[in-house]
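K.L.:
First the structure, which I've put down as structure tokens, then a few questions once you've had a look.
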Amino acid sequence: MALLQLRDVSKAFGGLQVVNSLDLEVGEGEVVSLIGPNGAGKTTVFNLITGIFRPDSGEIVFEGGIVSGLLPHTITTRGIARTFQTLRLFLNMTVLENVMVATYGHTRASILESMLQLPRSRREEKEIRKLAEEKLAFFGQRLMGYRWDQPAYSLSYANRRRLEIARAMATGARLLLLDEPAAGMNPVETHEMTELIGKLRDEGGYTILVIEHDMHVVEGISDRVVALDYGVKIAEGSFDDVATNPRVIEAYLGLRTAQTK
Ligand SMILES: Nc1ncnc2c1ncn2[C@@H]1O[C@H](COP(=O)(O)OP(=O)(O)OP(=O)(O)O)[C@@H](O)[C@H]1O
Ligand SMILES: [Mg+2]
């Protein structure tokens, strides 16, 4: 059975049908890319999966259990974590602290215990630090050593994106939802991001659903591609199949809009 399933999921904002009867599956260990023009509903799909919005109809199933309707933090503790299109880091905290706080949902000591420095929390803090360091190690030289104690605001844009991914990993999630991980990156960084996503799957054991506009990245990372347009799934399959699908080409070139004018 698929790790994640969206079954006939719909969501409207006012009169606008943003996600329309969407069926989507992500299998264990897969990297699936969600593509589509601006406003197609991609980020809304992430917001539905992570519980920020409830579907108007349909259901979302993770590891065989229904998660639609649960609170966002409950969904995170079930094993789904995400990054945001517009980054959400604690800019005044250090790189390491940013990753450490992301683990709190699945470690035992409360933040209060930690502040009081109780013995259990001191032991836990060491474990949490180790876990955070392990996650950061995935990013190699880019997020190594001396950077751990720097405030997040001192990081480059690309490193902030990497740090967001490290935070998602640190929640203990099995499924990572990455919203445009290569946005704003230069070609070298974009290539590194492509490699990183493969490494997250192959070495990290993560299953990944990723929204991405850069077709080189999509080609490089995807086991499968799903294309959305106006909230409707218009194509699904290998990168080559989807990239050459006439409906996808039409959606990207806006031919329909031009013809109906
Ligand atoms: N909270 C909201 N309230 C009202 N409308 C919304 C809300 N969130 C998204 N929308 C609308 O839903 C549509 C889809 O938005 P969404 O952000 O999901 O698109 P997207 O595919 O992620 O686009 P992009 O590639 O530009 O990030 C847009 O028309 C957007 O304005
Ligand atoms: Mg978006």
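K.L.:
Would you point out the residue of segment 1-30, among those that are free of Cβ contacts under 8 Å to residues at least 40 places away in the same chain and assigned to a strand (DSSP E or B), that is farthest from Ala173 (Cα to Cα)?
P.N.:
Leu16
K.L.:
Another question, then. Given the conditions (1) within 16 Å of ligand 2 (Cβ to nearest atom); (2) of a type in the set (D, E, K, R); (3) at positive phi, and given that Lys11 satisfies all but one, which numbered condition is not satisfied?
P.N.:
Of (1) within 16 Å of ligand 2 (Cβ to nearest atom); (2) of a type in the set (D, E, K, R); (3) at positive phi, only one is false for Lys11: (3).
K.L.:
Consider only pairs whose beta carbons are under 7 Å apart and that are at least six residues apart or on different chains; among these, list those whose first residue lies in segment 31-48 and is within 9 Å of ligand 2 (Cβ to nearest atom) and whose second residue is hydroxyl-bearing (Ser, Thr, Tyr).
P.N.:
Here the result reads Ala40/Tyr230, each pair linking segment 31-48 to a residue that is hydroxyl-bearing (Ser, Thr, Tyr).
K.L.:
Would you pick out the residues in segment 1-33 that are within 16 Å of ligand 1 (Cβ to nearest atom), closer than 21 Å to Gly65 by Cα and of a type in the set (A, V, I, L, M)?
P.N.:
Leu6, Val9, Leu22, Leu24, Val32, listed by residue number.
K.L.:
For segment 75-90, check the following and say yes or no: at least one residue is β-branched (Val, Ile, Thr) and modelled with pLDDT of 95 or more.
P.N.:
The answer is yes, given that some residue of segment 75-90 is β-branched (Val, Ile, Thr) and modelled with pLDDT of 95 or more.
The values are calculated or read from the model by the stated rules, or taken from the named source; none is laboratory data. This structure is a prediction, so every number in the text was calculated from the model and none was measured. Virtual Cβ from ideal backbone geometry, glycine too; neighbours counted across all protein chains shown.
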